[in-house]
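In what follows, a single structure is set out as structure tokens and then discussed.
Every number in this text was worked out from the coordinates using simple rules, so none of it is lab data. The model shown is predicted, which means the values in this text are computed figures rather than measured ones. So basically every Cβ, Gly included, is an ideal-geometry build from the backbone, and we count neighbours across all protein chains shown.
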Amino acid sequence: MTDDNTSTAGADDLALDPWGSTTVSDYRKLFEEFGIEAFEDVLDEVPAPHYLMRRAIIFGHRDYRRVASAMRNDEPFAALSGFMPTGDPHIGHKMVFDEIIWHQQQGGDAYALIADLEAHSARGLDWDEIDEHAKDYLLSLLALGFDAEAGELYRQSTNRELQDLAFELGIEANFSEFEAIYGFGGDTDVSHMQSVVTQMADILYPQLDEPKPTVIPVGPDQDPHVRFARDLAERTRYFKVTEAFASVAFDDDERPLVRAAYDARGEYAEDADQPRCTEAADWLEAGPEAAAGFDAETVDAVVQKLENAGMEPLRPRIRFFDRQATDEAFEALIGEIAGEKRVFDGHVDAFDMEMETAEDLALAVEVDHGGYGFVPPSSVYHRFMTGLTGGKMSSSIPASHISLLDDPEDGYDKVKSATTGGRETAEKQRELGGEADECPVYELYAYLLAGDDDGLAEDVYSECVNGERLCGGCKEQAAELMQEFLEDHQKKREEAREVLADLDIELDAAGSRA
Ligand code: TRP
Ligand code: SF4
């Protein structure tokens with residue numbers, strides 16, 4: 001949730017801007033335009049999914065399959081998210097706290113960080129405010145069940161290892177990318193840029209001990225950061241492992257077509273055990289069915305390359321490119337490849353190897369030789385809650401959100417005065433039913449108040465749309481639940497003070513800074 005207006009993007013065009021005012025009116029567009037995948041598609045792979053997942057409030061993901069699979073197989077995985085201490089923690093943050101805690105309870109290593117460098121540089125908060133808010137975020141996180149002994153909490157500014165990683169990652173990032181991804185320009189201050197590489201380091205930090213699938217639960221406004229971190233992670237890798245078919249290199253778009261040509265070799269090769277590149281080229285040029293799904297440019301490019309390769313046999317293999325490997329690491333990799341192999345300048349082809357084995361080998365050699373071996377980080381995206389007053393939930397409009405520090409009675413009052421999806425009159429409501437899908441109060445039930453109780457959320461929904469539920473009573477029930485939640489949460493926050501005091505985390509940064 002962000003509320004300043006440094007963004008150049010309008011409210012409804014779909015620019016995902018981490019520091020802008022992202023409102024997402026159509027979540028489907030995120031799938032089409034940004035390649036975020038629907039969470040629904042992995043839901044089945046998640047053992048005992050969280051209610052935010054079951055209710056599709058977590059609507060999207062990148063690469064979450066790896067995390068789900070680690071979870072199922074009792075393999076290491078991690079979850080990390082970060083919070084800018086710009087105001088009080090509120091019910092929007094609670095969702096993310098819960099997501100981290102849930103992953104911790106599922107056996108993951110859990111991390112939460114205070115993005116104080118970002119708050120200071122991108123939002124201009126002073127260190128006193130940052131200190132105060134940082135403490136409040138941490139207390140709520142602990143109160144909601146974060147196990148600080150098993151997990152790790154840190155603030156960006158005092159984490160030396162993190163800063164070292166940020167510096168290394170900064171070597172892979174250049175200014176044109178900052179321009180393209182974040183709209184940075186000549187007037188962007190250097191510390192803001194530093195806060196970006198720091199976030200890249202945050203995202204990869206859980207893998208410093210050992211590479212592992214890592215999920216970053218965030219709002220979709222943070223997706224540019226996730227994509228950039230995935231890119232940087234890949235760039236630090238020692239080897240790139242791809243499928244190859246001949247000495248010539250095919251790019252990612254072309255490879256599936258070459259694979260199709262190889263698979264169809266029986267149709268055109270004089271000797272099916274040894275299809276020739278030129279034979280495959282001729283076959284492709286004739287426009288076989290197998291090439292139908294590919295655009296003409298790709299087909300042309302592949303035909304050209306195959307023709308140039310002439311009589312060379314078309315033969316599948318795994319190719320390891322040397323990207324950032326030390327000489328010793330490259331030598332070691334070559335040594336470890338079993339079966340037939342061919343060594344070239346800058347890459348090595350392995351003929352008797354499966355992709356998965358190859359990837360594992362590349363990773364093992366990298367880690368053995370001092371590389372990070374980063375697994376591309378995964379992410380999950382949750383929907384933004386509608387403000388209680390309708391419109392965007394924003395920390396700068398107190399009535400639009402409920403702070404976790406709100407007096408429980410104020411919380412009660414805010415729910416009672418919330419906008420609803422109800423009709424003008426009770427009579428109409430009974431006749432037409434309410435519009436639960438448009439109702440911030442229904443959202444409160446689904447996102448928070450119903451907790452793990454799907455039955456309650458479903459009842460509210462169906463009673464509402466069937467006209468059996470009227471807004472007055474519905475809000476009363478929600479308001480009471482909210483009040484209870486806040487009372488309980490605040491009690492637990494008090495209990496967490498002791499835990500926080502014992503943690504090894506600097507809470508007085510202002511003291512040592514200007
Ligand atoms: N940029 C995030 C925000 O605006 C905060 C953040 C910093 C973060 N580092 C992170 C989020 C790492 C997720 C992962 O709130
Ligand atoms: Fe919203 Fe409840 Fe009214 Fe339905 S009955 S519109 S859920 S407040």
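Structure data summary
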| item | result |
| --- | --- |
| Among beta bridges that DSSP assigns inside the chain, antiparallel share in %, nearest 5 | 60 |
| Per-residue [θ]222 nm for the chain (sum of -39500 (n - 2.57) over DSSP H runs n ≥ 4, rounded to 500) | -13500 deg cm²/dmol |
| GluC sites (Glu not before Pro) restricted to region 360-435 and DSSP loop, no more than 12 other C-beta within 10 Å | GLU424 |
| Estimated dipole of region 398-472 in Debye, rounded to 20 [Cβ of Lys and Arg +1, of Asp and Glu -1, Cα centre] | 300 |
| Sparsely packed chymotrypsin sites (Phe, Trp or Tyr not before Pro) within region 327-360, loop by DSSP, other Cβ within 10 Å at most 16 | PHE344, PHE351 |
| Exposure proxy ranking, count of Cβ atoms within 10 Å, fewest first, for THR425, THR386 | THR425, THR386 |
| Taking LEU481, LEU142, LEU208, LEU507 and counting other C-beta atoms within 10 Å, the order from fewest to most | LEU208, LEU507, LEU481, LEU142 |
| Rg/Rg_ref, the chain, where Rg_ref = 2.2 N^0.38 Å and atoms are Cα | 1.13 |
| Interatomic Cα distance distribution for region 239-368, bins of 10 angstrom, percent | 13, 41, 29, 16, 2 |
| Whole-number D in µm²/s for region 398-512 (Stokes-Einstein; Kirkwood sum over Cα pairs; 20 °C, 1.002 mPa s) | 136 |
| Ellipsoid semi-axes in whole angstrom, largest first, where each is sqrt(5λ) of the Cα gyration tensor of region 88-156 | 23, 12, 10 |
| Straight-distance crosslink candidates among lysines, where the alpha carbon sits under 26 Å from LYS341 and sequence neighbours closer than 8 are dropped | LYS240, LYS305 |
| Proximal lysines to LYS491, defined as alpha-carbon separation beneath 21 angstrom and excluding residues fewer than eight positions away on the same chain | LYS94, LYS135, LYS414 |
| Zero-based 10 Å bins, Cα pair distances in region 370-459, whole percents | 15, 36, 28, 10, 7, 3, 1, 0 |
| GLU495-GLU331 pseudo-label distance in nm [points 7 Å out on the Cα-to-Cβ vector] | 6.0 |
| Point-charge dipole on Cβ atoms (K/R +1, D/E -1) for region 107-179, about Cα centre, debye to 20 | 100 |
| Cα-based Rg of region 150-278 normalised by 2.2 N^0.38 Å, two decimals | 1.52 |
